[in-house]
1. If I ask for residues that are assigned to a loop (DSSP other than H, G, I, E, B) and touching a strand residue (DSSP E or B) at 6+ places or on another chain (Cβ under 7 Å), which ones from the stretch 478-520 would you list?
2. Can you tell me which of Gly241, Gly250, Gly273 is more than 30 Å from Thr190 (Cβ to Cβ), assigned by TED's automatic domain parsing to the domain that holds Pro96 and either surrounded by 23 or more Cβ atoms within 10 Å (Cβ to Cβ) or at pLDDT 95 or above (or both)?
3. Filter the stretch 228-256 down to the residues that are touching a helix residue (DSSP H, G or I) at 6+ places or on another chain (Cβ under 6 Å) and of a type in the set (Val, Ile, Thr), then identify the one that is farthest from Gly398 (Cα to Cα).
4. I'd like to check which helices (runs of 4 or more DSSP H) are fully inside the stretch 39-139 and have at least 2 residues that are surrounded by 19 or more Cβ atoms within 10 Å (Cβ to Cβ), out of contact with any helix residue (DSSP H, G or I) (no Cβ under 9 Å at 6 or more places or on another chain) and not aromatic (Phe, Trp, Tyr).
5. Pairs only if they're at least six apart or on different chains, beta carbon under 9 angstrom, first in the stretch 105-122 and in the same structural domain as Lys259 (by TED's automatic domain parsing), second hydroxyl-bearing (Ser, Thr, Tyr) and crowded, with 24+ Cβ neighbours inside 10 Å; list them, first residue then second.
6. Which one of Gly211, Gly172 is small (Gly, Ala, Ser), in contact with a helix residue (DSSP H, G or I) (Cβ under 6 Å, 6 or more places away or on another chain) and assigned to a loop (DSSP other than H, G, I, E, B)?
7. Kindly check whether there is at least one residue in the stretch 279-302 that is part of a strand (DSSP E or B) and either of a type in the set (A, V, I, L, M, F, W, C) or more than 15 Å from the chain's Cα centre (by Cα) (or both).
8. Any idea how many residues of the stretch 198-207 are touching a helix residue (DSSP H, G or I) at 6+ places or on another chain (Cβ under 7 Å) and of a type in the set (A, V, I, L, M, F, W, C)?
Amino acid sequence: MLGLMQDRPLLISSILEHAARNHGGAKIVSARPNGSLVRHTWPQVAARAAQLAHALTARGVKQGERIATLAWNEHRHLEVYYGVSSMGAVLHTVNPRLFPDQIAFILKDAADTHLFVDPTLMKGAEALADHLPGSLRTIVVMGTEAEIPDPCPLRGRFEVVAQESLIAGQPGHFDWPELDERSASSLCYTSGTTGDPKGVLYSHRSTVIHGISVLQKDVFNIGAEDVVMPVVPMFHVNGWGIPYAAAMAGASLVMPGPKLDPASLHRLFEEEGVTFSAGVPTIWTALLQWLRADPSRRFRHPPRLVVGGTALPTPINAGFLKEYGINIRHAWGMTELSPLGTANARLPQNADWDADRFLDYARKQGRALFGIELRVRDGEGKEIPHDGVAFGELEVRGPWVAKQYFNRPGDPAFTGDGWFRTGDVVTVDELGCIEIVDRAKDVIKSGGEWISSITLENLILGHPAVAQAAVIGIHHSKWDERPLLLIVPKPGTSPTPQDILGYYEGKVAKWWIPDQVEFVDSLPLTATGKLWKADLKRTYRDRSAG
């Protein structure tokens, strides 16, 4: 017997219509590169998204056609988000920080027909001119005609038009099609640090369910009264779902644009009354350093912050909480998970822990959101005990988890019984909270035992003379691999190897302590700001520890 309930598809267009119909008082604030602010409302965003859909339809854009963006967090990008997906085409967000050959590969793999480009990124697009795919017909500059470069080298090869000209005169209402909720809505590629980037093709259904899930109190805890500033880029896994979740809640959105320096962000926090924001550790670390540089820099109303991407060192979290009254919640996810999979919020079992005790626990990536199932297996395929000590590779499944990559059937990241192998090596404690201790490809195998490079990196970042750190495995004739520690010292400091290694005493097992320390001027980073371990391994592949 089936239930007698109405069956309405879960569509991105319904999110936009809800926000426009019920939350006209919310504000959409977009920061321009010159520091000026542009203001809209959800009804205005909905009208402009409808105009865009009409314009693309008139140009022959069909359902399932990929439409790419090379853009920052600003209102025109938000309009493309909703207009493209709602009409049945596929929004393809491209990370402008990727290397040129990766961007070229991604555009060709997706076979995009239109490319929307922020005016500040036109030089990068022009540099790609000889490598753009044959499927591409039109470059849309996300601004006015005056913001198209003159001369524009892309003209002649492609049609170049301004977004404002494209939508001018189009109706502000669109009869959004009633799509199959399993239809593709957006496409995002992994950063491709160990090979070509891989595309993850999201559906309307997966995107809507994910958006509802991240609104929960123990995740982002967003409501209609919130003012939400996604510092995480909209080209990074759909902005962690925030552009959708904020509209569902009817919250206000503050879009910071290309300027993510601490002074610019703090101005938006204060002037717009931001109550919630999400970003990667490098953003919050830089903000804390900027705040500390001047005692007069404070927050009138401390916002709630979420961090993800990589682990946030406990001293940074402690600095925000104890000095500025700001709580930072750790979350974890991946492109393949839309991206959220876990969040670290208190449970009844640790509700009475004092701040210091929970700060130490808050470094963990958290427990599964409803809808996400976790499985952690060791090298023999056996599930590990939930004791916070044993570790293995994390596997996940759920309604917003990819089942295969775009154009890549049969990838070994997906198991035969329907799980996605994340490549993250984790522990699980008795409360179900995971802690990432390494990537499967980065864990150091010494004498048949595993050493977590991430644990060693996070610990040494607590040393007062260490600005950045990386740990990689190098060859050892007896133990197979031993850890090499690479350190970028803080300006004005001159630590010694003995001083650095001594910091580990009593914090990890003696056999975990690296055999060698090397001081370097900088460490290579990926386009998403993570340590580029693959590059380090190539650089030190001939190094031996003994």
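1. From the stretch 478-520, those assigned to a loop (DSSP other than H, G, I, E, B) are 478-479, 490-496, 503-509, 513-515, 520; that's our starting set.
Those that are assigned to a loop (DSSP other than H, G, I, E, B) and touching a strand residue (DSSP E or B) at 6+ places or on another chain (Cβ under 7 Å): Trp479, Lys490, Pro495, Pro514, Asp515, Val520.
2. Gly250
3. Result: Val254.
4. Working: elements: 42-58, 75-86, 100-110, 122-127.
Once the helices (runs of 4 or more DSSP H) in the stretch 39-139 are filtered for at least 2 residues that are surrounded by 19 or more Cβ atoms within 10 Å (Cβ to Cβ), out of contact with any helix residue (DSSP H, G or I) (no Cβ under 9 Å at 6 or more places or on another chain) and not aromatic (Phe, Trp, Tyr), what remains is 100-110.
5. Correct list of pairs: Phe105/Tyr189; Ile106/Tyr189; Asp109/Tyr189; Ala110/Tyr189; Leu115/Thr69; Phe116/Thr69; Val117/Thr69; Asp118/Thr69.
6. On the way: Gly211 fails: assigned to a loop (DSSP other than H, G, I, E, B).
Exactly one of Gly211, Gly172 is small (Gly, Ala, Ser), in contact with a helix residue (DSSP H, G or I) (Cβ under 6 Å, 6 or more places away or on another chain) and assigned to a loop (DSSP other than H, G, I, E, B), namely Gly172.
7. From the stretch 279-302, those part of a strand (DSSP E or B) are 279; that's our starting set.
When the remaining residues are screened for being either of a type in the set (A, V, I, L, M, F, W, C) or more than 15 Å from the chain's Cα centre (by Cα) (or both), the result is none.
No, that holds for no residue.
8. Number satisfying all stated conditions: 1.
The values are calculated or read from the model by the stated rules, or taken from the named source; none is laboratory data. Being a predicted model, the structure only gives us computed values, none of them experimental. Cβ atoms come from the backbone with ideal geometry, glycine included; neighbour counts cover every protein chain shown.
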